Structure formats: structure tokens, C-alpha cells
Amino acid sequence: GALILPKGIGDFLPAHKRYLQNRGICFESLARLWGVRGIGIHATLPWRLFIPIQFQGRVVSWTTRSISDKSVVRYMSAPAEHEAVNHKRILYGEDFCRHAIIVHEGPTDAWRTGPGAVATCGTGFSRSQVLRISKYPIRVICFDNEMEAQKRAAHLCDLIESFPGETYNVTLTAKDAAEAEETEIKKLRRFLE
């Protein structure tokens, strides 16, 4: 397919900046490192963060994150006909990984953990994503600490632990990495050293 970006992508507006600052995320480094931008008034994607998904150095798909905590649908991703590569066949953030990988559900958790962390874009994962994770010698699965997410994390660990290397299932004290204390994130990042 061909990549088709949604209309209305632009610089962060004050509402985007406020949302990110309230979550402890520096919007300048988010834009610079991860290429995240803002969407303001839009017919189908209003008031969202535009999150480009890169694969081997080029943008091949995208997802968006609502900046409203009242939004029923937090993430909305590109429909298949708007993707060059389906976002469930790759890992968000994998271009920043080397010998170890920390696997989260969503991009906001990957941002919080930093380069070396990826997102499956939901608790569901594809066979392609499992194979991509399995090629790293050190694999850390760090899904949200809710019961359903932990069941999915345990299943993912079962699937990849038969591959050569080390597999860990880490549960944070906080709901997810985006809400975790800095001390917990530092401990998590030690897997990347």
C-alpha cells in the first residue's frame, strides 16, 4: 500500500503542550526524537497527537493518541489502505533498538522508557511482532499492570522464551510506564545496558 497521512498535522498547540507537560513529557524532545506532532480541529481525529511509525528509517504508518482523558477511543491508527506497512507487523520504535528490547503496549510507554523501548500498539500482537521481538538476545515484556494485560504479557513471554536469549516479564508498581516513578524507569532501563 501507499502511505497516506491524515490532514491537519502541525506543530503542537497549547493544548498538546499542556497534555504532554502534565504527563512529564518534554514536547521538544518528543518532536525531535520520535517525530510526534499535533492535530487540532479535525473531522475524525480531533485533538490528538500524531505519532508516525517508522520502519528502517522511513515512515510507513501512523497512529494517534487523544489528548482528552474523556475520549472513549484513546488510540486511532491508520486504516490498512493508508499504510505502506501494516503497523501490527512491525514494532513502534524498533529503529532505536540494539541488543535488548523493552516491549510495551503503547507509544506513550515507549517514550517514557526511551530509545530501546517499543510498542506493539495494543495488548494484541501479531506473529510478525513475536518474531521481531524474538531476534533480540534480551527481551523485556512490560505491559500494563492490569490483569488482562498481564495475561497477554505472560502469553507473549511463553511464545518467545523458546528462542535463544533471555526473556523477562516485568510488572511495574504504577499502572504503566507512562505513569511510573523515575526510579522504576531507571531500573527498567538497566536491561538496555
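The values are calculated or read from the model by the stated rules, or taken from the named source; none is laboratory data. Since the structure is predicted, the reported quantities are computational estimates derived from the model, not experimental observations. Cβ atoms come from the backbone with ideal geometry, glycine included; neighbour counts cover every protein chain shown. Areas reflect the complete protein model, heavy atoms only, side chains present, ligands, DNA and RNA absent. Shrake-Rupley method; radii C 1.70, N 1.55, O 1.52, S 1.80 Å.
Assorted remarks:
- If you check I102, I90 for being part of a loop (DSSP other than H, G, I, E, B), among the β-branched types (V, I, T) and open to solvent by less than 30 Å² (accessible area, probe 1.4 Å), only one passes: I90.
- Boolean, A43 is closer than 22 Å to Y19 by Cβ, open to solvent by 50 Å² or more (accessible area, probe 1.4 Å) and free of Cβ contacts under 8 Å to residues at least 24 places away in the same chain: yes
- The criterion of being of a type in the set (A, V, I, L, M, F, W, C) and within 13 Å of E83 (Cα to Cα) holds for I4.
- Subset of the range 161-180 [part of a loop (DSSP other than H, G, I, E, B) and either in contact (Cβ under 8 Å) with a residue 24 or more places away in the chain or in contact with a Pro (Cβ under 9 Å, 6 or more places away or on another chain) (or both)]: F163, P164, G165, V170, T171, L172, T173, A174, K175, D176, A180
- Subset of the range 54-77 [crowded, with 22+ Cβ neighbours inside 10 Å and either without any contact (Cβ under 8 Å) to a residue 24 or more places away in the chain or of a type outside the set (S, T, Y) (or both)]: W62, I67
- Any hit, the range 24-33, residues being under 20 Å from G116 (Cβ atoms), β-branched (V, I, T) and crowded, with 20+ Cβ neighbours inside 10 Å: no
- Residue count for the range 112-160 satisfying the condition of being open to solvent by 20 Å² or more (accessible area, probe 1.4 Å), not in a strand (DSSP E or B) and not small (G, A, S): 20.
- Residues (open to solvent by 60 Å² or more (accessible area, probe 1.4 Å), more than 25 Å from I67 (Cα to Cα) and of a type outside the set (D, E)) located in the range 161-183: S162, F163, P164, Y168, N169, T171, T183
- T108 falls short of the stated requirement of being in a strand (DSSP E or B), open to solvent by less than 20 Å² (accessible area, probe 1.4 Å) and within 27 Å of R189 (Cβ to Cβ).
- Failed condition for A78, given (1) in contact with a His (Cβ under 8 Å, 6 or more places away or on another chain); (2) within 13 Å of W111 (Cβ to Cβ); (3) of a type in the set (G, A, S): (2)
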